[in-house]
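The structure appears below as structure tokens.
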Amino acid sequence: MRFKSAYSFSNTAAVQRHLARHQKVLQIVLSVTPEQIKPHIKSCVINHNTLLIYVSSASWASQLRFFHAQIKAAVNTQSTEKVQQIRIRLLSPDPYKAEKKSEKIIPSAETIDLLGNNASTAKEGKLKDALLKLSQTLKKKNQ
């Protein structure tokens, strides 16, 4: 079996019309939902007079259920679609992405020596001890 590109299929125009139809319905759904919910509505699909609305999380799905009647009325009046039922579905969460570990910036050898010299001339106390310990640690890391 050979690979066929999407453009080799004869019904690409039909697929484009289908996508445009869903985008139009999505715009209608977004027009009747409150501003705080809109960013969480990701997509919608009409299948056999059922409107499936996909949202990003369960909490937003429960909020959207309060607008069931308004959405159904808007879609039925503003488009050629006749929706009898609305179902709200969750999109699967994005896979976990580990954060990049930031590079540790270690001061130059001259700066470390300067820190140690200044610490050694300071008065006795916690600050002097902390600065000396810091300069020793940085010297070890810099080697």
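Being in a loop (DSSP other than H, G, I, E, B) and surrounded by 12 or more Cβ atoms within 10 Å (Cβ to Cβ) is a property that Glu124 lacks. May I ask you to verify whether Ile46 is modelled with pLDDT under 85 and more than 13 Å from Gln27 (Cα to Cα)? Criteria not met by Ile46. Being surrounded by 13 or more Cβ atoms within 10 Å (Cβ to Cβ) and not in a helix (DSSP H, G or I): is that true of Ile71 here? The answer is no for Ile71. Annotation: Gly116 fulfils all but one of (1) assigned by TED's automatic domain parsing to the domain that holds Thr33; (2) out of contact with any Asp or Glu (no Cβ under 7 Å at 6 or more places or on another chain); the unmet one is (1).
The condition (being free of Cβ contacts under 8 Å to residues at least 24 places away in the same chain, outside any strand (DSSP E or B), surrounded by 14 or more Cβ atoms within 10 Å (Cβ to Cβ) and of a type outside the set (D, E, K, R)) is satisfied by just one residue among Leu138, Leu114, Leu134: Leu134.
Being farther than 30 Å from Asn49 by Cβ and not aromatic (Phe, Trp, Tyr) is true for just one of Ala69, Ala73, Ala122. Which residue is that?
Answer to the selection: Ala122.
If the condition is being touching a His at 6+ places or on another chain (Cβ under 6 Å) and of a type outside the set (Val, Ile, Thr), then region 45-68 contributes Ser56, Trp60.
Condition (residue is in contact with a Phe, Trp or Tyr (Cβ under 8 Å, 6 or more places away or on another chain) and not basic (Lys, Arg)) applied to region 90-106: is it met by at least one residue?
Looking through region 90-106, at least one residue is in contact with a Phe, Trp or Tyr (Cβ under 8 Å, 6 or more places away or on another chain) and not basic (Lys, Arg).
Would you check if Lys101 is modelled with pLDDT under 85 and out of contact with any Asp or Glu (no Cβ under 9 Å at 6 or more places or on another chain)?
Yes.
For Ala14, the criteria (1) in contact with a strand residue (DSSP E or B) (Cβ under 7 Å, 6 or more places away or on another chain); (2) among the aliphatic types (A, V, I, L, M); (3) loosely packed, with under 11 Cβ neighbours inside 10 Å hold in every case but one, which is (1).
The values are calculated or read from the model by the stated rules, or taken from the named source; none is laboratory data. In this text the structure is predicted, and so the values were computed from the model without any measurement. Please note: Cβ atoms are built from the backbone with ideal geometry, for glycine as well, and neighbour counts cover all protein chains shown.
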